[in-house]
Amino acid sequence: MRITAIEATPVAVPFRADEVWAFGRRRGLVCVLVEVRTDEGVTGIGEAAAYPSADVVLAALRALEPLVVGEDPTGIERITKRVEVVGTWHHMRNTSPALAAVDMACWDIVAKICGQPLVTLFGGRFRDTVDFFHYVSGAGPAEAAEQAREGAERGFGTFYLKVGSPRIADDVERVAAVRSGAGPDARIRVDANEAWSPAAAIRAIRAMQPHGLELAEQPVSGRNLAEMAYVRGRVDTPLLANEASWTRFDQLEVVRHGAADAVSVDNQMDGGLLNLKRSAGICEAAGLPVVKHSLGELGVAMAAALHVMAATPNFIHANQCYASLLADDVITEPHVYDRGRLPVPDGPGLGVTLDRDKVARYAEAYAKDPDAHAFHDEDALTAPPSLPRL
């Protein structure tokens, strides 16, 4: 069996409510759907987050095509090394989602050939369902409380919100509102996306702690692990590394520095599903739990990650998803959350099928206005935020 073509389709799916963080906002999600075709008629599907943009992903896919077409799709390690070494992509970060999408499609092909769900190939089911958090989008206290209440009514147990506002008091007020809406037993996770200085991070986390925080994600720069370790030693809330842990090599450094209590991992940022499993293994050896990060995923990439997470023991916290923000999806049977958990698909391969009508609709939406769902904020564009906040 040989790969004959790689087909890419950028799509733009709207959000129910804007996603807002320390650096701006976006109104929807752009992803690039990838189909890897073979000479034996088996097609695998994958998905790349449009990181840093769909144009970059599409250019990366065109660049790796000569290194992939003609290869055996079952030789995933060979393909990856061929791209990383022969293609001199071994310093990947911005180009990683493109390779990750091809990797995902190849795993889909392999599992389809075997007639097995992908979870079987990654070690078999350690768990049947995987836990996810409810995303409370950037909003004022009243809206945050209502969004948290809605998530609690749907059965979610963990609530995630962005922090890093110019005034720490505003963030504390929103955390209190989420506690009010979610209830006394809910877990609350905050993510500053590197917005704070060490002093601000310590003040902010201590001020939020009375409202009960599960984890504080990337409070300070991910480029200074000694600084992260400093903050970690001065707060009671466990820290989650994210921008500090894009790849398995970064995660090894987080472990060495004692910079976090939990580590965010992401196959899109590290070029493939097997690397996601490797990341979790590094952290398990260090006694650390892992959390699946998302650059923004639709149903295809979500299914792929589900298979790996279900086969990996140390995914013990709720993982990131966009379920509470997405207004639609591009698969025929969208994932249905039951009390914040998703079952692992049972069908062969990834176990999902593209809804061609929806793919066409959202591909047209992207083509009409490619920038409509990008991170744009007029205020941020005219007065860029000065970070870190003190």
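Each value in this text was obtained by applying a stated rule to the coordinates, not by laboratory testing. What you are looking at is a predicted structure, and each value in this text was computed from that prediction instead of being measured. Neighbour counts are summed over all protein chains in view; Cβ atoms, including those assigned to glycine, are modelled from backbone coordinates with ideal geometry.
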Q | Volume per residue that the Cα convex hull of segment 124-343 spans, once the total is divided by residue count, Å³ | A | 112
Q. P(r) tail for segment 287-329, what percent of Cα pairs lie past 13 Å?
A. 56
Q. Rg/Rh for segment 22-68: what does it come to with C-alpha atoms and Rh from Kirkwood?
A. 1.11
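Is it possible to state the helix-based mean residue ellipticity at 222 nm for the chain, with each DSSP H run of 4+ residues giving -39500 (n - 2.57), the sum divided by total residues, to the nearest 500 deg cm²/dmol? What is it?
Values: 13 runs with 144 residues, N = 390.
Value at 222 nm, helices only: -11000 deg cm²/dmol.
Would you work out the charge dipole size for segment 35-91 about its Cα centre, treating the Cβ of every Lys and Arg as +1 and the Cβ of every Asp and Glu as -1, and quote it to the nearest 20 debye? If you can, show how the numbers build up before the last one.
On the way: 5 positive and 10 negative charges, 41 e Å.
For this selection, approximately 200 debye.
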**Q.** Residue (of A372, A59, G233) at the positive-pole extreme of the chain, dipole from beta-carbon charges
**A.** G233
Q: Let me know the charge dipole size of the chain about its Cα centre in debye, to the nearest 20, where only the beta-carbon of Lys, Arg (+1) and Asp, Glu (-1) is charged.
A: 820
Q | Compactness of the chain as Cα Rg over 2.2 N^0.38 Å, two decimals | A | 0.95
Q.
Compute, for segment 124-343, the length of the dipole vector about the Cα centre, with Cβ point charges of +1 (Lys, Arg) and -1 (Asp, Glu) only. Units Debye, rounded to 20.
A. 540
Q) Tell me, K292, K368 in order of fewest to most beta-carbon neighbours within 10 Å? A) K368, K292
Q: Take every Cα pair under 8 Å in the chain that's 6+ residues apart, average their separations, divide by the length, and report that relative contact order as a whole percent.
A: 23
